[in-house]
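In what follows, a structure is listed as structure tokens, so that the remarks can point back to it.
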Amino acid sequence: MRVRKTHFLLLATVLFAATVLAQQPQHLFFRVTLDPQATAPASGRLLVFLAPGTGAKEVDMNQFQPSAVYVAAKEVPYLKPGEAVDIDTGDLAFPAAFSSAKPGDYQAQAVLDVNHSYSYGGRSEDDLISDVVTLKTWTPGEGSEPSFVLTNKVPARQAPKLPLTPEILKAAEEHTQPADFTSPLLTKFSGRETHIRAWVILPPTYTERPKDKFPTVYWTHGFGGNLFYARIQGQMLYARMAQGKMPPMIWVMLDESLATGTHEFSDSVNNGPWGAALTTEFIPWIESKSRV
């Protein structure tokens, strides 16, 4: 009786384990390869987007219908040209594992978010992307593993045409200087090189008054802004000075964007000592370079 009971318990355990495994979602892997013609290795946050349909030029999240597109993510620390990585589309996925998709026509695209900025502003300059891959009459788990090749770069954004005369626009460009400072405080906090970036907008009379110092305004954007947006705003401010609608000042157009939002140049246990870095490091550095 004891032997039969032991066999029964063993069989029940095996059947229970098999049932549990059958109920677990199937893990599907998509393969992503860095273009063999790439000139350097790459790293970043690998994203694969999957959406129903065919014929799209790109597959991306829809902010107004966030559950309409599947997305899977994987951190890629180092990928050599021609090297491939498999991404588990059921590990880190939204709104669900790809294996839960109903059979049908799908289109997919891979993106390597090299600056880890997708969650803030979407695809950005220098991100690597694949062509859109069509999965005709696709059933999750059947057929060969879908594959992608990162062959393209997201191009630089084109600045919008500003309502300025060609003369003022040319002068604004000449009076716009980049500022890129590596912060020791922020680098120590994050464990990686961390920068404070800005555009310095010099007034029209800056070169005409080589011995004068100018009052200085430190400006920053709100949520959704970035360094690209700060440059546009700075050149519009230059135009107001050139038109005599604003006194001559130096404008430092700060970028406060992060992948997770904006740091507001406030000291934070999450983002680091941005306030201290601004006031004790960046501003003295600007003062040593410009007549502020």
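The values are calculated or read from the model by the stated rules, or taken from the named source; none is laboratory data. Since the structure is predicted, the reported quantities are computational estimates derived from the model, not experimental observations. Cβ placement follows ideal geometry from the backbone for every residue including glycine, while neighbour counts extend to all protein chains displayed.
Taken together, the criteria exclude TYR229 from residues that are surrounded by 15 or more Cβ atoms within 10 Å (Cβ to Cβ) and either part of a strand (DSSP E or B) or among the basic types (Lys, Arg) (or both). Residue pairs whose Cβ atoms lie under 6 Å apart, sitting 6 or more positions apart in sequence or on different chains, and linking a residue in the range 84-108 that is farther than 22 Å from THR54 by Cβ to a partner that is assigned to a helix (DSSP H, G or I) and of a type in the set (S, T, N, Q), are GLY90/SER99. A search for C-beta distances below 9 Å between a residue of the range 48-65 that is on the phi > 0 side of the Ramachandran plot and any residue that is surrounded by fewer than 17 Cβ atoms within 10 Å (Cβ to Cβ) and among the β-branched types (Val, Ile, Thr), counting only pairs 6+ apart in sequence or on different chains, returns GLY55/THR134.
Residue count for the range 176-225 satisfying the condition of being surrounded by fewer than 12 Cβ atoms within 10 Å (Cβ to Cβ) and assigned to a loop (DSSP other than H, G, I, E, B): 13.
Residues are listed down the side, and each one gets a yes or a no for (1) at pLDDT 95 or above; (2) farther than 28 Å from VAL69 by Cα; (3) touching a Leu at 6+ places or on another chain (Cβ under 9 Å):
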position: LEU11; (1), (2), (3): no, yes, no
position: GLN26; (1), (2), (3): no, no, no
position: GLN37; (1), (2), (3): no, yes, no
position: LEU46; (1), (2), (3): yes, no, yes
position: PHE49; (1), (2), (3): yes, no, no
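Of the residues making up the range 72-92, not a single one is assigned to a helix (DSSP H, G or I) and surrounded by fewer than 17 Cβ atoms within 10 Å (Cβ to Cβ).
Could you tell me whether the range 172-184 includes any residue that is under 19 Å from the mean Cα position of the chain (by Cα) and touching a residue at least 40 places away in the same chain (Cβ under 8 Å)? No: zero hits.
Restricted to the range 27-54, and to residues that are in a strand (DSSP E or B) and among the polar types (S, T, N, Q), which residue is surrounded by the most Cβ atoms within 10 Å (Cβ to Cβ)? Talk me through it step by step, then tell me what you get.
First, the residues of the range 27-54 that are in a strand (DSSP E or B): 29-34, 42-52.
Those still in the list that are among the polar types (S, T, N, Q) too: 33, 43.
Details: THR33: 18, SER43: 13.
Across the range 27-54, the extreme among qualifying residues is THR33.
Among the residues making up the range 159-183, a single one is more than 14 Å from ALA230 (Cα to Cα) and at pLDDT below 80: LYS161.
Screening PRO146 against (1) modelled with pLDDT under 90; (2) surrounded by 14 or more Cβ atoms within 10 Å (Cβ to Cβ); (3) of a type outside the set (Phe, Trp, Tyr) leaves a single unmet condition, (1).
Every residue, every condition in (1) over 21 Å from LEU169 (Cα atoms); (2) out of contact with any Phe, Trp or Tyr (no Cβ under 8 Å at 6 or more places or on another chain); (3) modelled with pLDDT of 95 or more, yes or no:
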| position | (1), (2), (3) |
| --- | --- |
| LYS188 | yes, yes, yes |
| THR207 | no, yes, no |
| TYR218 | yes, yes, yes |
| PHE223 | yes, yes, no |
| ASP255 | yes, yes, yes |
| HIS263 | yes, no, no |
| TRP274 | yes, no, yes |
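Residues checked against (1) within 30 Å of ARG31 (Cα to Cα); (2) touching a Pro at 6+ places or on another chain (Cβ under 8 Å):
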{"position": "VAL111", "(1), (2)": "yes, no"}
{"position": "ARG123", "(1), (2)": "yes, no"}
{"position": "GLY143", "(1), (2)": "yes, no"}
{"position": "VAL149", "(1), (2)": "yes, no"}
{"position": "GLU167", "(1), (2)": "no, no"}
{"position": "GLN177", "(1), (2)": "no, no"}
{"position": "SER183", "(1), (2)": "no, no"}
{"position": "LEU186", "(1), (2)": "no, yes"}
{"position": "ARG197", "(1), (2)": "no, yes"}
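From the set of residues in the range 61-76 that are modelled with pLDDT of 95 or more and of a type outside the set (A, V, I, L, M, F, W, C), which is farthest from the chain's Cα centre (by Cα)? Among them, the one singled out is TYR70. Looking only at the range 234-292, residues that are without any contact (Cβ under 8 Å) to a residue 40 or more places away in the chain, in a loop (DSSP other than H, G, I, E, B) and among the hydrophobic types (A, V, I, L, M, F, W, C) come to 2 in all.
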